[in-house]
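The next block holds one structure in the form of structure tokens; read it before the comments.
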Amino acid sequence: MSLLDDENVEIIGAMKKFGPRNLQSIARKSGVPYPTVYTRVNKLGTQGLLDTWTYPNLAKIGLARSMVLLTPSPGREVIASEALKIPGYWLWIARCTGECNGYYSQHAVPVENRQDFVQYLDQIVSSGLATSYRIFWLGDYHSHIPNFEYYDFKKRAWRFDWPGWLSLFMRGKSVQNVPEEKESSKDDFDKNDLLILKELMKDARKKLSELSQLIGMTLPAAKYRFDNLARRGFLQDYVVQVLPYPPEISDLYEVRLDFGEHKAMIAKENFFKRLPFVLNYSRIKGTNSITLRVYLPRTEVNNLLTMLSALVRGGAIDRFSYMLLDPMTIQSQTFHYKAFDDKSGWRYDNHEYLAALRKLASSLDKAEHPAVTFQPSKGLPVSMM
């Protein structure tokens, strides 16, 4: 937190607003000299305090994003998490407690194979690896940096204005209506486009020279590819992630808010950008619900729950639920680009996946059980998308 000074905040804000790739442009937009920007960005990145990546528009490449809450059968926890990975279309997996005591995961599966994926989840339960699951199909991904209006640079401390936020949400003051999300349709792309998107999803500041070597093209050709992807909306969001609170005293949550009406939900959506503890959010398709990723000091969690309870009593939301995510168990990867072929498109073979699932489940019947392994203590991962 000692590094959260005026200049770093200006730099981080400019990176989020204008994209993190061009540091010279960031220097001009932020008013901070280029050498200072270069030094500070590299220092924050080296110390693991700043991470940037590009979140692709998955719908444009024919993928549908979902979150899955899986409750494993007792003693099957480790194997159940491996079952979620078998199709290869997973993005993010972590242990969770709360609404679901098991695993929270996100997946990006081919749009035409959504029902196949649901059938696969059914088989995880039928195989005895899990007792139940819930799946939610998600809309666009929206991320933002912490709202530094609530940070005191002199005291190096955050101000949590719970009464003010409650009043703002209830009255709707300073909150503008948010337009409906437009459904993105599948666009023309090829394997090289996916390779670029995959690399940017790992590092938004990946050099064009490195991308040109990856796809086997000249630098001008790689730049044309990148610019064309950006122009056509394949780059949905630049994620600039900075940890505003010390990991040792903070927790990571997934919070779901259910609204009584669709209009009420979209009218309140901009409110989440004001909160310094909301990392990102997505609408849940087919519902009047929004799911939020929350990173909050442990001492403030009770205040969050108090505010949410007051919103229910005041009629602003119908209900809420939450899960504590264990950052020590986070596993993440990019979309399953290896399963795409320029001629045949996305490959999804439920017969193959179900056979692998049966093999995994049958391993429980063997006399020799896998050795028990414990995870060593380590720092908090920063890939919290």
Inset, instruction - List the number of the failed condition for G314; all other conditions in (1) closer than 20 Å to R114 by Cβ; (2) touching a helix residue (DSSP H, G or I) at 6+ places or on another chain (Cβ under 6 Å) hold. - result: (1)
Inset, instruction - List the number of the failed condition for D152; all other conditions in (1) touching a Ser or Thr at 6+ places or on another chain (Cβ under 9 Å); (2) exposed (fewer than 12 other Cβ atoms within 10 Å of the Cβ) hold. - result: (1)
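Looking for something more than 30 Å from I11 (Cα to Cα), of a type in the set (D, E) and touching a residue at least 12 places away in the same chain (Cβ under 8 Å) - is there at least one such residue anywhere in segment 95-109?
Quick first cut of segment 95-109, residues more than 30 Å from I11 (Cα to Cα) only: 95-109.
Those left that are additionally of a type in the set (D, E): 99.
From what's left, touching a residue at least 12 places away in the same chain (Cβ under 8 Å): 99.
Yes.
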Inset, instruction - Identify the residue in segment 247-272 that is aliphatic (A, V, I, L, M) and under 17 Å from L168 (Cα atoms) and, among all such residues, is surrounded by the most Cβ atoms within 10 Å (Cβ to Cβ). - result: L257
Legend entry - Within segment 245-321, strands (runs of 3 or more DSSP E) holding 3 or more residues that are of a type in the set (S, T, Y) and within 27 Å of W137 (Cβ to Cβ): 289-297
Inset, instruction - Please go through segment 209-233 and pick out each residue that is within 30 Å of K273 (Cβ to Cβ), outside any helix (DSSP H, G or I) and out of contact with any Asp or Glu (no Cβ under 7 Å at 6 or more places or on another chain). - result: G233
Legend entry - Failed item, numbered, when V239 is tested on (1) under 17 Å from the mean Cα position of the chain (by Cα); (2) surrounded by fewer than 20 Cβ atoms within 10 Å (Cβ to Cβ): (2)
Legend entry - Residue ID - farthest from Y238 (Cα to Cα), chosen from residues in segment 273-330 that are charged (D, E, K, R) and open to solvent by less than 20 Å² (accessible area, probe 1.4 Å): R283
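The values are calculated or read from the model by the stated rules, or taken from the named source; none is laboratory data. Note that the structure is a prediction, hence the values are computed from the model and not measured. Don't worry about glycine lacking a Cβ; one is built from the backbone with ideal geometry, like all the others, and counts go over all protein chains shown. For the accessible areas, the whole protein counts, side chains as well, though only heavy atoms, and no ligand, DNA or RNA atoms are used. Shrake-Rupley method; radii C 1.70, N 1.55, O 1.52, S 1.80 Å.
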